[in-house]
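The values are calculated or read from the model by the stated rules, or taken from the named source; none is laboratory data. The model shown is predicted, which means the values in this text are computed figures rather than measured ones. With ideal geometry, Cβ positions are generated from the backbone for all residues, glycine too; neighbour counts draw on all protein chains shown.
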Amino acid sequence: MNWIPLLNEQQLEEIKKNSDHRPQVIFKHSSRCSVSSMARHRLDRNEFPTGIDFYFLDIINNRNISNKIASDFRVRHESPQVLVINKGACVYDESHSGIHMDEIKANAVMV
């Protein structure tokens, strides 16, 4: 899988803008959490759909970005957590053992 590293807050503006034309997915991961590692492994075992950008956020090193995501997209911070961004808004978020590629795909449909 070719994750796009989410390394700065400016990328969030790019994600919002790009979501006007193609779904954007943010996966928030903690390297200190076994559940987070399990969720990432489960995603990585799947074939990633084309037409969707997948961003990877290491929350241990980028907590400020995680906080901005919670504020900008009006979601509660969790880890692991996946968000689907469509037309500038979070249309789906899930955490922990609820993270599954089939659900991401189903909710990443452009409207």
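Scan region 43-54 and tell me whether some residue there is surrounded by 14 or more Cβ atoms within 10 Å (Cβ to Cβ) and on the phi > 0 side of the Ramachandran plot.
Applying the first criterion (surrounded by 14 or more Cβ atoms within 10 Å (Cβ to Cβ)) to region 43-54 yields 43, 48, 52-54.
Remaining after also requiring on the phi > 0 side of the Ramachandran plot: none.
No, there is no match, as no residue in region 43-54 is surrounded by 14 or more Cβ atoms within 10 Å (Cβ to Cβ) and on the phi > 0 side of the Ramachandran plot.
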- request: Would you please name the residue that is surrounded by the most Cβ atoms within 10 Å (Cβ to Cβ), looking only at residues in region 1-12 that are in a loop (DSSP other than H, G, I, E, B) and not aromatic (Phe, Trp, Tyr)?
  value: Leu6
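So which strands (runs of 3 or more DSSP E) stay within region 13-111 end to end and still have 1 or more residues that are over 19 Å from Asn2 (Cβ atoms), among the aromatic types (Phe, Trp, Tyr) and modelled with pLDDT of 95 or more?
The strands (runs of 3 or more DSSP E) meeting that bar are 89-95.
Is there a residue being in contact (Cβ under 8 Å) with a residue 60 or more places away in the chain and out of contact with any Asp or Glu (no Cβ under 7 Å at 6 or more places or on another chain) anywhere in region 45-58?
No: zero hits.
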message: Quick check on my filter: what residues within region 65-89 are more than 14 Å from Lys28 (Cα to Cα) and either within 12 Å of the chain's Cα centre (by Cα) or not basic (Lys, Arg) (or both)?
response: Ser71, Asp72, Asn86, Gly88, Ala89
message: What's the total number of residues in region 90-104 that are in contact (Cβ under 8 Å) with a residue 24 or more places away in the chain, surrounded by fewer than 18 Cβ atoms within 10 Å (Cβ to Cβ) and within 18 Å of Ile15 (Cβ to Cβ)?
response: 0
